[in-house]
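Have a look at the structure below before the remarks.
The values are calculated or read from the model by the stated rules, or taken from the named source; none is laboratory data. Since the model is a prediction, treat every value here as computed from it, not as a measurement. With ideal geometry, Cβ positions are generated from the backbone for all residues, glycine too; neighbour counts draw on all protein chains shown.
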There are 2 protein chains.
Amino acid sequence: MKIRFNREQLLNAINIASKAVSSKTTMPILECFLITAFGSEVRITANDAELGIETVIHTSDEEGKRGACSIMEPGRTALEARLFSDIIRKITAESDSDIVLEQNGSVVIITCNSSEYRIQERDPDQFPALPFIREDRYIALSQFTLREVIRQTLFSVAANDSNKMMTGELFEVKNTILKAVSLDGHRISIRNTELRDDYGTLQAIIPGKTLNEISKILDGEAESEVQIFFDENHVMFRFDDTTVVSRLIDGEYFRIDSMLSSDYDTKVTVNKRAFLDNIERSIVLLRETDRKPLVLTITDGCMNLKMNTVVGRLNSDLDIHKIGKDIMIGLNPKFLLDTLRVIDDEDVCLYMTNAKAPCFIRDDENKYIYLILPINFNPAAYDV
Amino acid sequence: MKIRFNREQLLNAINIASKAVSSKTTMPILECFLITAFGSEVRITANDAELGIETVIHTSDEEGKRGACSIMEPGRTALEARLFSDIIRKITAESDSDIVLEQNGSVVIITCNSSEYRIQERDPDQFPALPFIREDRYIALSQFTLREVIRQTLFSVAANDSNKMMTGELFEVKNTILKAVSLDGHRISIRNTELRDDYGTLQAIIPGKTLNEISKILDGEAESEVQIFFDENHVMFRFDDTTVVSRLIDGEYFRIDSMLSSDYDTKVTVNKRAFLDNIERSIVLLRETDRKPLVLTITDGCMNLKMNTVVGRLNSDLDIHKIGKDIMIGLNPKFLLDTLRVIDDEDVCLYMTNAKAPCFIRDDENKYIYLILPINFNPAAYDV
């Protein structure tokens, strides 16, 4: 194998593929990139057994155009990913110089100008192939939209996997609507997105980790498209020159419809920025292990916020618009922050029934529904 | 006590004083700011027993001018520094609003617009006073120069204190020259700085930690001055509205003059940027515990660099100008990097005698001398 790379494009491919390199593993081959050079393509592949990423660097096929790479001799090798990335990153000085990768027995020689690295390859035959995914059931949407959907729901995926299902996110397609749902036992996030075509009925529970890595490598342009293929046990994302394959979480997702209600006794409209600022001020009084509520006392035109902890107290007032009954309710301020930060509207609406029932934050167009369960508190301790 | 603060200026004072707040201590009072309001000044003080910082916020004395603070009622209090900093930082939304601090028994009330915090004060009488420093022996230089001197020498102070003296830096004044020296047993850094006046003979061993914190709060302007007062057991830095007091390290510093030599058999002149880039490329082959040398083979017009480690090999050539004998020498690449990064010259000169003797990097004007001890290696393993 002998390949000449344009440094910038090689670095870009490495950065994408590295998202699927295993960091803690007993299988050293999972810490590697598989580099395959055949025909007019160099493929860089990483696979941590849950998540696999393959990205392609094309050789130049137009005459006179300087290609991203050229293959002088086809072949394949496996290289320790962190070391290879470090080396390519460090070869920065003469950034317009090409980088040449050449196999010599089991040693790979990397040269750029007058510097030459020699590193040991790993056996490429040990590298686990990415699973084959059927391509008949899929949806297409813009990279920007997918990244937004992930950002707006991923925060309420459960962090630890005592309940495996909660570490994933439901992607449910019904005709022209993609519904993304995540929940962690204390809150639910739902985003509905209009698709351009009718894709029938599809469903998958995608690991939160997969969505997190995907959102880092989507370029976020509204014009760039991503296709999502749904197979029985896997999901595949394809965009630009990159393919991401992930295992799905097995089983049936929670039935959330019964938890949602559009009834309410109190509706509050509040400026999102001012609400956020006030909640952030309350967080400084929390110490790591605290699960103290932020107590909202809602009356006509005014929301009072109170936080009492061992280190101090906060008392703050905020102008609001209220419809319905007065109410006093205790909520986890970090959950409120997470939710408000991903809503782009200037004003948000809170719907509540009583201090024991969930608080809903939702819009009129049914684009988003966020449910937060309240925290019990002793009202006497928060008397105005 | 009741004080009204301009938020930006209070935040600035907090950021400065916080550099001397103790993070790990069995004395809770050392985690506090002492806030003292008397006359036309509010003083914010922190003291971690090694290092003390006091910074002043002035009340407005000119009519019509909005002051940085105003004292409605003098007094003093001690507040947990991290909590107080967090609170003032979070009160950002209405940044042109003032912040009012008011004592109410042992509770301090912090208000800004419609938000009110109540936090418990600590006993200000327990706060340790800063030591009194005599002001008769001192030097003056620009903040920019002091920051540069620290940056150019601090890296070779020893990190762990198995030898206390090595954790400090020698500041030695002889008439119009300030000489700063640091060493860690493997290397020595020396910077000579011309002062504007003759200050006689002064000497102090200043803890590296003190210099590190000082360099973070110096504003770095060439026009702003800093005065350094030398007392028997303490040193005091005074600049802008801030005073920093630090303990000195007791004892006599190493006699370094005998270690320095201006004899050499090989002199190499090399472009600093190209040399740096090549050394950085070698670092990627090191794993944390490695103490492998970078082996330089110097011949007419060419410096060859080689690094052999378990993960791979680097072989790189560099154009140089050489006077004297050919030489092969092994040096710690991290030490070379540290040194080259703080030299502002375009070309640097290396002076060497043999593979067992120190390598010197110094300029012709005697502004800097850096000494690096070589590392033993087996020349056969690095044969070209």
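Values as computed for the structure displayed
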quantity: Subset of region A:68-86 [surrounded by fewer than 22 Cβ atoms within 10 Å (Cβ to Cβ) and either free of Cβ contacts under 8 Å to residues at least 40 places away in the same chain or facing another protein chain (nearest Cβ under 10 Å) (or both)]; calculated: A:E80, A:R82, A:L83, A:S85, A:D86
quantity: Among residues of region A:27-67, those that are at pLDDT below 95 and within 14 Å of chain B (Cβ to nearest Cβ), counted; calculated: 1
quantity: Selection count where residues are crowded, with 18+ Cβ neighbours inside 10 Å and among the aliphatic types (A, V, I, L, M), scope region B:244-273; calculated: 6
quantity: Residue match in region A:36-47 (condition: aromatic (F, W, Y) and crowded, with 19+ Cβ neighbours inside 10 Å); calculated: no
quantity: Residue check, B:L286 in a loop (DSSP other than H, G, I, E, B), aliphatic (A, V, I, L, M) and more than 21 Å from B:G185 (Cα to Cα); calculated: yes
quantity: Tally, over region B:320-334, of residues that are over 24 Å from the mean Cα position of the chain (by Cα) and either aromatic (F, W, Y) or within 14 Å of chain A (Cβ to nearest Cβ) (or both); calculated: 1
quantity: Of residues in region A:369-384 being β-branched (V, I, T) and at pLDDT 95 or above, the one surrounded by the fewest Cβ atoms within 10 Å (Cβ to Cβ); calculated: A:I375
quantity: Among (1) in contact with a Cys (Cβ under 6 Å, 6 or more places away or on another chain); (2) at pLDDT 95 or above - the single one B:S97 does not satisfy; calculated: (2)
quantity: Residue satisfying all of: in region B:289-310; out of contact with any Leu (no Cβ under 7 Å at 6 or more places or on another chain) and part of a loop (DSSP other than H, G, I, E, B); nearest to A:V107 (Cα to Cα) among these; calculated: B:V310
quantity: Number of the exception - B:N160 against (1) buried (at least 19 other Cβ atoms within 10 Å of the Cβ); (2) part of a loop (DSSP other than H, G, I, E, B); (3) polar (S, T, N, Q); calculated: (1)
quantity: Hits in region A:206-232 (condition: of a type in the set (S, T, N, Q) and either buried (at least 22 other Cβ atoms within 10 Å of the Cβ) or modelled with pLDDT of 95 or more (or both)); calculated: A:T210, A:N212, A:S215, A:Q227
quantity: Strands (runs of 3 or more DSSP E) wholly inside region B:321-368 that include at least 3 residues being crowded, with 19+ Cβ neighbours inside 10 Å; calculated: B:327-331, B:347-352, B:359-362
quantity: Residue in region B:130-150 that is within 14 Å of chain A (Cβ to nearest Cβ), assigned to a loop (DSSP other than H, G, I, E, B) and in contact (Cβ under 8 Å) with a residue 12 or more places away in the chain present; calculated: no
quantity: Selection status of B:L337, within 14 Å of chain A (Cβ to nearest Cβ) and either on the phi < 0 side of the Ramachandran plot or of a type in the set (S, T, N, Q) (or both); calculated: yes
quantity: Evaluation of B:S261 against (1) part of a strand (DSSP E or B); (2) of a type in the set (S, T, Y); (3) under 25 Å from B:M165 (Cα atoms) (one fails), failing number; calculated: (1)
quantity: Single unsatisfied condition, B:D317 versus (1) away from chain A (no Cβ under 14 Å); (2) within 30 Å of A:S106 (Cα to Cα); (3) in contact with a Ser or Thr (Cβ under 7 Å, 6 or more places away or on another chain); calculated: (1)
quantity: Condition check for A:A180: closer than 28 Å to A:L218 by Cβ, assigned to a loop (DSSP other than H, G, I, E, B), touching a helix residue (DSSP H, G or I) at 6+ places or on another chain (Cβ under 6 Å) and small (G, A, S); calculated: no
quantity: Residue check, A:R313 assigned to a strand (DSSP E or B), free of Cβ contacts under 8 Å to residues at least 40 places away in the same chain, farther than 25 Å from A:E365 by Cβ and basic (K, R); calculated: yes
quantity: Boolean, A:L248 is more than 14 Å from chain B (Cβ to nearest Cβ), closer than 30 Å to A:E54 by Cα and at pLDDT 95 or above; calculated: yes
quantity: Residue that is nearest to the other protein chains (Cβ to nearest Cβ), among those in region B:89-129 that are of a type in the set (K, R) and in contact with an Asp or Glu (Cβ under 8 Å, 6 or more places away or on another chain); calculated: B:K90
quantity: Residues located in region A:274-312, provided they are of a type in the set (K, R), buried (at least 18 other Cβ atoms within 10 Å of the Cβ) and more than 9 Å from every other protein chain (Cβ to nearest Cβ); calculated: A:K292, A:K306
